[in-house]
Amino acid sequence: MHDDEQLAILASVLRTAVDAIIIIDQKGTIESANIATERMFGFNSVEMIGQNVKMLMPSPYHEQHDGYLDRYQKTGERHIIGIGREVTGKRKDGSLFPLHLGVSEVETDQRKLFTGILRDISELKAAEGELKQLNATLDQRVRTQAAELQQAQLELVEKEKFATLGRISGGIAHEIRNPLNAIKTSAYYLLNAQSPSPQKTEEHLTRIDRQVTIIDSAVTALSDLARLPEPQASEIDIPAMISGTLRDTKLPRSIVVEQEFPANLPKAWADAKQLPIVFKNIIRNARDAMPEGGSLQLSARLHESMIVVSVQDDGIGMPPEVAQRIAEPFFSTKARGMGLGMAITTAILEKNQCEMRLESSPNEGTLFDISIPIAGKDR
């Protein structure tokens, strides 16, 4: 390829290039600038050629540029040459804009020249700014929504606390109001009766004593639920515990008990005094759900690090709205009783890191799955 051809090709590249291309000498004097440079900076070639390239730079780059060139000539230390970097350009009208600058060195027989290729990255920087602002706005919205969600959760918890307090208060009122009415009636009789017989006096005093005992039992049971002691965990033989619970629970002959426990079932890890209370309450509920008799099946299996003990009856079962409330204090579907049994059961299970699962449908029986930690697992 002849020199003329090379020059023609070079001129074509400079003329059609989208990026600005500037050639300077060792002193920083502009020797050539393409059309893209004119469009980018607003100067024409006549205004630029022969001038120092620092005319296209704002402070402090304007003042520092000659120092960079001198330092490179003396030490070879490079700041921009061969390294692309982001800089700031200055247009003819004084406006500033961001540029990406790449500088290469061209050495001829007579002298050394530098070629700079510049790309206007104003749109890119604007997009980055918008993205940054969008991210900041998004972060703020996320924080705001998180705070609103937390506040809503707190309000929901407070509402649930008040709802639970209302249900407990209603239960206490129900358990205490009837005995108080009986006491009030007997006290009124003793205060106003004309010459009551000794038998009548004793009858009303006995009634008062009995009703006071009922009230005391209600208060004591509620206090025991609130102050359930921290469990003292130890190894528990599940089949032996279930057998002992069945012996202590009076089951009619009309209820057939079936037990199926694996021979190699490991020991469970829970409070040996509290856990039997759980199964005593569940077995009693199963008994009461089968007034005409039925089948009570007790079994156990291993699931991960837990022993799952199942208690299945084929009694009257429960509708979903009842099953959801069985752990509420003073909630009961029975004519007698305070409705604290399952509340205490749930509290014991929580304190012993156990879990309870319930399945029940009307006239299809009830299944309780009680998951208990295995002794020696990660302890």
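The values are calculated or read from the model by the stated rules, or taken from the named source; none is laboratory data. Just so it is clear, the structure is predicted and the values come from calculations on it, not from any experiment. Glycine gets a Cβ as well: all are built from the backbone with ideal geometry, and neighbour counts include every protein chain shown. Please note that ligands, DNA and RNA were not included when accessible areas were found on the heavy atoms of the full protein model with its side chains. Shrake-Rupley method; radii C 1.70, N 1.55, O 1.52, S 1.80 Å.
For the range 34-42, just list the computed ³J(HN,Hα) in residue order, Karplus coefficients 6.51, -1.76 and 1.60, θ = phi - 60°, integers in Hz, with x standing in for Gly and Pro.
Result, ordered by residue: 7, 4, 4, 5, 4, 5, 6, 9, x Hz.
Just to verify a number: what accessible area does His100 come out at with the full protein assembly present, 1.4 Å probe, Å² rounded to tens?
Here the accessible area works out near 90 Å².
Shape of the range 243-299 from its Cα gyration tensor (a ≥ b ≥ c, root eigenvalues): rounded if a/c is under 1.5, otherwise prolate when a/b > b/c, or oblate?
Since a/c reaches 1.5 but b/c is at least a/b, the shape of the range 243-299 is classed as oblate.
Rounded if a/c is under 1.5, else prolate if a/b beats b/c, else oblate: with a ≥ b ≥ c from the C-alpha gyration tensor eigenvalues square-rooted, which is the range 91-132?
Note, shape of the range 91-132 comes out oblate.
Count charges around Ser45 for me, please; just the other residues with Cβ under 11 Å from its Cβ, Lys/Arg as +1, Asp/Glu as -1.
So the environment of Ser45 carries a net charge of -3.
For the pair Lys351/Asp19, report the inter-label distance in nm, with labels modelled 7 Å from Cα in the Cβ direction.
Between Lys351 and Asp19, the simple spin-label model gives 7.6 nm.
What accessible area, in Å² to the nearest ten, does a 1.4 Å probe give for Glu155?
Counting only protein heavy atoms, the figure is 90 Å².
If each of Ser59 and Arg284 carries a label point 7 Å out from its Cα toward its Cβ, how far apart are those two points in nm?
Label at Ser59, label at Arg284, 9.1 nm between them.
For Asp25, Asp209, Asp120, give the ranking by accessible area with the largest first, probe 1.4 Å.
Ranking Asp25, Asp209, Asp120 by accessible area, largest first, yields Asp209, Asp120, Asp25.
Hey, can you grab everything whose amide H is under 5 Å from the amide H of Gly315? Only 5+ residues off in sequence or another chain; H modelled, so Pro and N-termini drop out.
The list, which skips near neighbours in sequence, is Gly365, Thr366.
Among residues other than Leu349 whose Cβ falls under 12 Å from its Cβ, what is the net charge (Lys/Arg +1, Asp/Glu -1)?
Surrounding charge for Leu349 is -2.
Counting only other residues whose beta carbon sits under 15 Å from that of Asn192, what net charge do I get with K and R as +1, D and E as -1?
Residues near Asn192 contribute +2 overall.
Could you calculate the FRET efficiency of Gln232 with Asp139 from 1/(1 + (r/R0)^6), where r is the beta carbon distance between them and R0 is 56 Å, rounded to 0.05? Mind showing how you got there, number by number?
Working: r = 49 Å, r/R0 = 0.87.
Efficiency computed from Cβ-Cβ geometry: 0.70.
Round to the nearest 10 and report in Å² the accessible area of Met342, as given by a 1.4 Å probe over the protein chains' heavy atoms.
Rounded to the nearest 10, that gives 20 Å².
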